[in-house]
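A.B. asks: To start, I am sharing the structure in question, which I have written as structure tokens.
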Amino acid sequence: MIEFNRFALDNGLRVVVHEDNSTPMVAVNLMYNVGAKYESPDKTGFAHLFEHLMFGGSRNVPDFDEPLQWAGGDCNAFTNNDVTSFYATVPAQNLETVFWLESDRMANLNISKKTLDVQRKVVIEEFKETCLNRPYGDVWHHLMKLTYEVHPYRWPTIGMTPEHIEKANLADVRNFFWHYYHPSNAILVVSGNVKTDKVRQLVENWFGDIESHKTPLARIPAEPIQAAPHTQQVEKDVPTNALYMAFHMEARTETGYYTSDLLSDILSRGRSSRLYRRLLKERRLFDDIDAYLTGSVDPGLLVIEGKPAAGVSLESAEMAIWEELDLLKTELVNDRELEKIKNKIESSLVFSETSILTKAINLAMFELLGEVDLINREKEIYRNICAEDIRQQAQKIFKRENSSELFYLAKRKTA
């Protein structure tokens, strides 16, 4: 059980505090409710760009990392389709240093032509390195566009194309910051050796006078139910063929999300999982195979990806996967297999609770979802899922008309 206290400032900043006196440290997570899905289709990659710009200096802090290092801490950040999150860990007595740093860049970020030009180059180089020059680097560009027709999940977090960042001007960037990086669009979580009353005092002092702005109304179109299978074939200079299969599933807070999570683990979690044991070890159809969820807030995807073994066609590999999926739709998972998967998930959840940083990030995410207490109910939700629930969920999502398949072909070498 993770105990926590919640309060909000007059400017809308939501604060969650988890007191843990078993550690001398404290973790701080400042999560902004802005990810790639809030971008315009002609200006993608802005949330990821701001992950970089936020380390470019503010009015009173030209170098974010240096004072944090002097305080004995470290920091990092991540952006996805739904949120942007900045986190730091420091000795508890230096918590105020983190509040000073975070509040200054929230209120006084230095968005100049120089900082934009520097970070623009960094982001474009990252795009080229990870998406254009790395084998299979553009998979998510193809797969998400193949899977989503109207929802902004159809472009990846790094952006649809580097040209959008190349063309970004100061007005565009400042406007994006003004709309999304302010107290009423943020959640601050403090986890560690602290007292809530002291945290409240410090938060009021450092964040209380920061002005909030009106966040644009999110007009995110709901993805229509897929009525026919989607397929695409691409040919690239990669070492070997690869197959990617995606299936639409429920949003993060729905029970079906947890059932799909169990399904993905039955398929591919550990050496005894079905896809690994049957298709890789026994039948030797694959050199590598995996199944996982995208974990998105809005309705997301269950993805299966694999690289067929030498001499195995993508069509044969695809057929073998469908055979395993059809078994889940017709036969009940036995009690031992289901119990083993549930135990692994519960072990992972319990282990995650030993880290104050993981707790800080998870508390922020659940607060954003509007169900912060869900962090304490997930184990029970998994435990209550039965074999028949698994079969019904497999029947629901593992349908041809709900599938999107990307056949990624290695270019044939000519003599």
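The values are calculated or read from the model by the stated rules, or taken from the named source; none is laboratory data. These numbers were taken from a predicted model, which means no experiment stands behind them. Cβ sites come from the backbone with ideal geometry, for glycine too, and all protein chains shown count toward neighbours.
A.B. asks: Does the range 308-331 include one or more residues that are part of a loop (DSSP other than H, G, I, E, B) and within 30 Å of Ile375 (Cβ to Cβ)?
C.D. replies: no
A.B. asks: Every residue in the range 379-411 that is exposed (fewer than 14 other Cβ atoms within 10 Å of the Cβ) and acidic (Asp, Glu), please.
C.D. replies: Glu380, Glu388, Glu401 - these are the residues of the range 379-411 that are exposed (fewer than 14 other Cβ atoms within 10 Å of the Cβ) and acidic (Asp, Glu).
A.B. asks: While we're on this one: Those residues that are outside any strand (DSSP E or B) and crowded, with 19+ Cβ neighbours inside 10 Å, I need them from the range 1-19; list them, please.
C.D. replies: Phe4, Leu9, Leu13
A.B. asks: Applying the selection to the range 265-280, what residues are touching a residue at least 40 places away in the same chain (Cβ under 8 Å) and on the phi < 0 side of the Ramachandran plot?
C.D. replies: The answer is Asp265, Ile266, Leu267, Arg269, Ser272, Arg274, Leu275, Arg278, Leu279.
A.B. asks: List the number of the failed condition for Trp100; all other conditions in (1) more than 17 Å from the chain's Cα centre (by Cα); (2) under 30 Å from Ala222 (Cα atoms) hold.
C.D. replies: (2)
A.B. asks: Now for a different question. Just to be sure before I move on: is Ser296 of a type in the set (S, T, N, Q) and within 16 Å of Tyr153 (Cβ to Cβ) in the structure I sent?
C.D. replies: Details: of a type in the set (S, T, N, Q): yes; within 16 Å of Tyr153 (Cβ to Cβ): yes.
Considered against the rule, which asks whether it is of a type in the set (S, T, N, Q) and within 16 Å of Tyr153 (Cβ to Cβ), Ser296 comes out as yes.
A.B. asks: Also: Please tell me if Thr84 is surrounded by 22 or more Cβ atoms within 10 Å (Cβ to Cβ), modelled with pLDDT of 95 or more, over 23 Å from Ile187 (Cβ atoms) and out of contact with any Cys (no Cβ under 9 Å at 6 or more places or on another chain).
C.D. replies: So Thr84 does not fit the description; no.
A.B. asks: Then there is this: Run down Ser313, Ser273 and say which single residue is farther than 21 Å from Ile397 by Cα and hydroxyl-bearing (Ser, Thr, Tyr).
C.D. replies: Working: Ser273 fails: farther than 21 Å from Ile397 by Cα.
Of Ser313, Ser273, the one residue that is farther than 21 Å from Ile397 by Cα and hydroxyl-bearing (Ser, Thr, Tyr) is Ser313.
A.B. asks: How many of the residues making up the range 163-185 are part of a helix (DSSP H, G or I) and farther than 12 Å from Phe46 by Cβ?
C.D. replies: Step one: list which residues in the range 163-185 are part of a helix (DSSP H, G or I), which gives 163-166, 170-180, 183-185.
Pick out the ones that are also farther than 12 Å from Phe46 by Cβ and you get 163, 166, 170-171, 178, 183-185.
So the answer is 8.
A.B. asks: Tally time: how many residues in the range 180-199 are charged (D, E, K, R) and crowded, with 17+ Cβ neighbours inside 10 Å?
C.D. replies: Number satisfying all stated conditions: 0.
A.B. asks: Turning to a different aspect of this structure: If you go through the range 332-369 one residue at a time, how many are over 30 Å from Val189 (Cα atoms), among the polar types (S, T, N, Q) and in a helix (DSSP H, G or I)?
C.D. replies: Here the count works out to 0.
A.B. asks: Sticking with this structure for a sec: Checking the conditions here, which among Thr115, Thr97 is in the same structural domain as Phe176 (by TED's automatic domain parsing), among the hydroxyl-bearing types (Ser, Thr, Tyr), surrounded by 17 or more Cβ atoms within 10 Å (Cβ to Cβ) and at pLDDT below 95?
C.D. replies: Working: Thr97 fails: at pLDDT below 95.
None of the others qualify; the one that does is Thr115.
A.B. asks: Report the residue count in the range 274-292 for those that are over 24 Å from the mean Cα position of the chain (by Cα) and not in a helix (DSSP H, G or I).
C.D. replies: Residues flagged as over 24 Å from the mean Cα position of the chain (by Cα) and not in a helix (DSSP H, G or I) within the range 274-292 amount to 5.
A.B. asks: Now a separate question. Spot the failing condition for Arg283; the list is (1) free of Cβ contacts under 8 Å to residues at least 40 places away in the same chain; (2) at positive phi, and only one is missed.
C.D. replies: (2)
A.B. asks: Out of the residues in the range 311-336 that are closer than 16 Å to Asp261 by Cα and over 28 Å from the mean Cα position of the chain (by Cα), which is surrounded by the fewest Cβ atoms within 10 Å (Cβ to Cβ)?
C.D. replies: Lys329
A.B. asks: In the range 129-157, how many residues are farther than 13 Å from Ile220 by Cβ and assigned to a helix (DSSP H, G or I)?
C.D. replies: 13
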